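I have placed the structure first, in the form of structure tokens, so that the comments after it can refer back to it.
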Amino acid sequence: MHERSSSRGRRMSAGTGTVALSLGLCLCAGQLIATPAASAAAAPVVTTVTAAKPVKPRISSSWSARKVNWGTKVRVTTKLINPKTGKKVVGGWVRLQTHQNGKWKTWLKSRNTSGAVTFATAPHETRWFRTAFGGAGGVTAATTRPTKIHIRSSGARILAEAKKHRGAAYAYGAEGPRRFDCSGYTKYVYKKATGKKLPHSANSQQYYGKKVSKSSKQVGDLIVFRNGSHGYHAGIYAGGGYMYDSPRPGMSVGKHKIWSNNYVVRRIAA
């Protein structure tokens with residue numbers, strides 16, 4: 001009786017082991033523990049790709065001149081180089097900007113098709129400029145250092161200012177900007193065009209600036225008509241025997257014929 005029970009127990013133990021092995025299990029200390037299947041897939045290998053860091057370009061600008069006469073064009077050329085490769089940066093936009101009312105504003109713009117962009121501009125007053133690259137193709141935006149372009153006073157600039165006030169009515173003692181008498185008009189124009197302040201008197205204005213002979217007068221020069229040595233009327237030479245002035249009551253600022261040969265010429269522009 002005892003032997004049969006033992007035999008049955010051995011058969012049950014053997015059977016249990018067979019079942020456990022066939023199920024891929026391990027019987028240890030009364031617990032079933034799963035064993036890795038032979039056909040289990042290996043863990044995937046993950047490769048981390050690091051994004052390329054944006055490149056800041058080397059940007060430079062060269063100016064044809066930094067002091068020019070009014071109306072003269074200035075050329076600025078901006079070049080862009082990739083410091084990692086030493087090659088030109090191509091693509092995107094380059095802007096010529098000017099500082100105005102506390103902000104940088106775009107003056108001109110051009111596509112960057114070759115890594116070098118040239119602008120030509122004729123500013124009518126002294127201004128700060130810079131060029132700005134907007135970025136392209138993994139290259140970041142960049143700007144040049146500000147450059148001040150000085151505009152010298154000239155006859156052309158004075159004449160351009162004089163023309164702006166054509167049609168303004170004559171008013172005794174008025175010095176603009178809507179009404180003028182003769183010396184009030186010349187005082188206003190020269191202040192705007194050259195920054196120089198003249199007195200509000202034709203007789204006093206004849207002693208300002210540089211004395212110039214009648215034969216050497218140029219556009220923009222001050223003309224003061226005299227009675228003897230006393231100056232009584234002032235105008236701005238327009239060339240060809242004409243001047244801009246504010247003549248008398250009932251008339252307005254305009255281009256008028258020089259009617260007398262008794263006058264002196266003074267050059268106010270530097």
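The values are calculated or read from the model by the stated rules, or taken from the named source; none is laboratory data. Computed from a predicted structure; not experimentally measured. Quick reminder, even Gly has a Cβ in these numbers, built from the backbone with ideal geometry, and neighbours come from all protein chains shown. Side chains included, ligands, DNA and RNA excluded: accessible areas come from the protein's heavy atoms. Shrake-Rupley method; radii C 1.70, N 1.55, O 1.52, S 1.80 Å.
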(request) State the percentage of accessible surface on the range 104-164 attributable to carbon and sulfur atoms; use a 1.4 Å probe and exclude ligands, DNA and RNA. (result) 47
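With a 1.4 Å probe and all protein chains left in place, how much accessible area per residue does the range 95-177 have, in Å²? Walk me through the intermediate numbers first.
Values: 4400 Å² over 83 residues.
It amounts to 53 Å² per residue over the range 95-177.
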(message) How big is the dipole moment of the range 95-249 about its Cα centre under a simple scheme where the beta carbon of each Lys and Arg is +1, that of each Asp and Glu is -1, and everything else is neutral? Debye, nearest 20, please.
(response) 340
(request) First select every other residue whose beta carbon is under 12 angstrom from the beta carbon of residue 152; then total the charges, Lys and Arg +1, Asp and Glu -1. (result) +2
(request) Once you have the Kirkwood Rh of the range 60-157 from its Cα pairs, apply Stokes-Einstein at 10 °C and 1.306 mPa s and quote D in µm²/s. (result) 113
(message) Between residue 152 and residue 105, how high is the FRET efficiency from 1/(1 + (r/R0)^6) when r is the Cβ-Cβ distance and R₀ = 25 Å? Nearest 0.05.
(response) 0.60
(message) Taking the alpha-carbon distance from residue 56 and a cut-off under 24 Å, which lysines remain once sequence neighbours fewer than 8 residues away in the same chain are dropped?
(response) 79, 84, 87, 88, 103, 105, 109
(request) For residue 125 and residue 218, compute 0.36 nm times the residue count separating them, minus their Cα-Cα distance, and round to one decimal in nm. (result) 31.4 nm
(request) Name the residue farthest towards the positive end of the dipole of the range 129-270 from the options 208, 138, 170, assuming +1 on Cβ of Lys and Arg, -1 on Cβ of Asp and Glu, about the Cα centre. (result) 138
